[in-house]
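The values are calculated or read from the model by the stated rules, or taken from the named source; none is laboratory data. The shown structure was predicted, so the numbers you read here are calculated from the model rather than taken from an experiment. Cβ: placed from backbone, ideal geometry, glycine included. Neighbour counts: every protein chain shown. With ligands, DNA and RNA removed, areas are computed over all heavy atoms of the protein, side chains included. Shrake-Rupley method; radii C 1.70, N 1.55, O 1.52, S 1.80 Å.
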Amino acid sequence: MTPTDQPRRRDEIAASLRLAREEIAAACAAAGRVPSDVTLVAVTKNFPAEDAAHLAALGVSDLGENRDQEASEKARELADLGVPVRWHFVGRLQRNKARSVAEYAHLVQSVDRAALVSALDDACRRRDRRLDVLVQISLDGDPSRGGVVPAERDALVESVLAAENLSLRGVMAVAPVEWQPIKAFESLADHADQVRRLAPQATEMSAGMTGDFAEAISCGATMIRLGSKLLGARRNVGYPVR
Ligand SMILES: *Cc1c(COP(=O)(O)O)cnc(C)c1O
């Protein structure tokens, strides 16, 4: 991207954002909810740091990434530009990346096993910080795309609650491809209720992406994660794939 393209790119993102905000407001109105109850997380994976900076300048301060390498580079670039954002980690996370993630993440949405809980807790202890997390649920019980299987949910919740440096904020899921979004998000809302019996402060429900955020809002999502709706079709900008 040459510098002269940048105003045009910013305008393009501004227009997508305006449309997304309108559709979020409409989905909230239809559900008897208010837009301020729904946090928009812009997923910037595969897009350059400039796009993330445009989003922040347009008022979107919650940004999501799904790979540590790309996220840590982008977080550094935005910090160097003096742009304050809250980074959400939304992808599968290996234990050996916990220390890196603890340097920039505001919320890790994809906690799905006890080994990751202890790795994140240790990383936070070293840095003398607390970290907010969501427990990711595998709604169909297939853990291959991430998430804890329902039968192991409560044990995982207990392990997060026992971790000194982690704060459980709620649950997250990705709708299984074969499921109707409403079925998926009603199921997640049910998991969210069950988790709140163990942890009343865990009020966040992160659900809904470009294709299904309206359904997620109708089922009570408090956080939606939009990528292509805001930034267009994902292209690779050269961040290494690990
Ligand atoms: C990529 C991604 C998103 C955004 O997806 P879009 O369909 O582009 O909105 C949301 N959540 C997670 C976990 C993702 O990996």
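So the values come out like this:
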quantity: Residues within region 122-154 that are assigned to a strand (DSSP E or B), closer than 22 Å to Asn96 by Cβ and within 16 Å of the ligand (Cβ to nearest atom), tallied; calculated: 5
quantity: So Leu226, is it under 15 Å from the mean Cα position of the chain (by Cα), more than 16 Å from the ligand (Cβ to nearest atom) and buried (at least 17 other Cβ atoms within 10 Å of the Cβ); calculated: no
quantity: Any chance Gly220 is at pLDDT 95 or above and open to solvent by less than 10 Å² (accessible area, probe 1.4 Å); calculated: no
quantity: Qualifying residue in region 155-171 (condition: in contact (Cβ under 8 Å) with a residue 40 or more places away in the chain, assigned to a loop (DSSP other than H, G, I, E, B) and under 30 Å from Ala53 (Cα atoms)); calculated: yes
quantity: Cβ pairs under 6 Å, 6+ apart, first in region 190-212 and open to solvent by less than 80 Å² (accessible area, probe 1.4 Å), second hydroxyl-bearing (Ser, Thr, Tyr) and at pLDDT 95 or above; calculated: Glu204/Thr222; Met205/Thr222; Thr210/Ser228
quantity: The lone exception for Glu158 - which of (1) open to solvent by 70 Å² or more (accessible area, probe 1.4 Å); (2) under 22 Å from Cys219 (Cα atoms) it fails; calculated: (2)
quantity: Residue that is nearest to the ligand (Cβ to nearest atom) [pool: residues in region 25-44 that are within 17 Å of the chain's Cα centre (by Cα) and surrounded by 20 or more Cβ atoms within 10 Å (Cβ to Cβ)]; calculated: Val43
quantity: Qualifying residue in region 50-57 (condition: touching a residue at least 60 places away in the same chain (Cβ under 8 Å) and farther than 16 Å from Leu166 by Cα); calculated: yes
quantity: Positions within region 101-150 being touching a residue at least 60 places away in the same chain (Cβ under 8 Å) and among the polar types (S, T, N, Q), in sequence order; calculated: Gln109, Ser110
quantity: Among (1) assigned to a helix (DSSP H, G or I); (2) of a type in the set (A, V, I, L, M, F, W, C); (3) touching a residue at least 40 places away in the same chain (Cβ under 8 Å), the one test that Leu40 misses; calculated: (1)
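A quick yes/no check of all residues on (1) closer than 28 Å to Ala189 by Cα; (2) under 17 Å from the mean Cα position of the chain (by Cα):
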site: Asp68; (1), (2): no, yes
site: Ser72; (1), (2): no, yes
site: Leu78; (1), (2): no, no
site: Val135; (1), (2): yes, yes
site: Ser138; (1), (2): yes, yes
